[in-house]
Amino acid sequence: TKPIAAKPFAVFDIETMDWTNFLVAGLYDGKNYRECYSVPELLIAMAESGLENFYAHYGGRYDALFLLEAAIKGHAEVVEIIPRGSAILAMTLLVDLGDAGVRKITIRDTIFFLPSKLKDAAAIFNVPTQTGDIDHEKTTGVTPELLSYLKADCYALYETVIAFRELEFVKKVGAANTIASQAIRCLRGYLDTRIPKCPGDVAAFIRTGYF
């Protein structure tokens with residue numbers, strides 16, 4: 001079976017002071033790296049990139065919330081939010097670029113298919129860029145150390161996602177955005193025996209007994 005081509009993407013990471021005060025964001029698409037010093041600037045950079053898919057590690061519990069707040073303030077339009085517990089699995093926004101038109105971007109959280117700390121995931125996949133360490137409790141502003149840490153995080157995340165997508169069993173069936181959906185894709189892609197299933201009306205009747 002011919003491998004399923006993965007969709008192009010970029011990654012981003014947000015650094016803050018006291019966890020809630022935005023300082024700077026990094027955006028990396030595998031070729032170009034950019035720093036953004038406000039959330040609206042980050043949204044515009046995403047929209048101008050020409051890409052639709054953006055990943056952040058633990059983004060659904062943290063980074064995406066800054067984008068959601070900016071959308072609520074009018075810097076983007078929320079099209080869809082897919083929750084996962086108390087986190088956001090995916091969030092689709094529309095960003096108005098004026099004369100350049102409106103661009104759709106979708107934010108996803110890599111923790112749902114890379115379920116570990118980014119530092120551990122990068123080490124497991126042995127990617128070229130490894131993450132560093134920084135004491136966020138002592139962050140008081142944008143410093144060269146913080147910018148270096150941010151850039152390494154973005155590069156490491158991008159390289160780790162690529163490494164995950166390059167796994168042979170993932171390449172065959174295509175990358176999914178959660179471990180569960182990846183498992184189903186692999187099951188369907190590798191299982192030689194057809195799994196019988198109930199007709200739709202029968203399945204619907206059975207499901208009424210689930211709750």
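Short-range pairs are left out: with C-alpha atoms under 8 Å and at least six residues apart, the relative contact order of the chain is 21 percent. With the convex hull drawn around the C-alpha atoms of the chain, the volume per residue stands at 171 Å³.
Give, to the nearest whole percent, the P(r) tail of the range 96-203 beyond 19 angstrom, counting all Cα pairs. I get 63 percent for the Cα pairs in the range 96-203 exceeding 19 Å. Entry note, the range 11-87: relative contact order of 23 percent, from Cα contacts under 8 Å with a spacing of 6+ residues. Across the alpha-carbon atoms of the range 20-100, the computed radius of gyration and Dmax are 12.3, 38 angstrom. Cross-link check: pairs K73/K171; K151/K171; K31/K117; K7/K151 evaluated at a Cα-Cα cut-off of 29 Å; pairs beyond the cut-off: K73/K171. Calculated accessible area for the chain comes out at 58 Å² per residue, all protein chains present (probe 1.4 Å; ligands, DNA, RNA ignored). Within the accessible area of the chain, the carbon and sulfur atoms contribute 56%, probe 1.4 Å, all protein chains present. The alpha-carbon positions of the range 141-211 define a convex hull whose volume is 136 Å³ per residue.
The values are calculated or read from the model by the stated rules, or taken from the named source; none is laboratory data. These numbers were taken from a predicted model, which means no experiment stands behind them. To get the accessible areas, we keep the full protein, side chains included, count just its heavy atoms, and leave off ligands, DNA and RNA. Shrake-Rupley method; radii C 1.70, N 1.55, O 1.52, S 1.80 Å.
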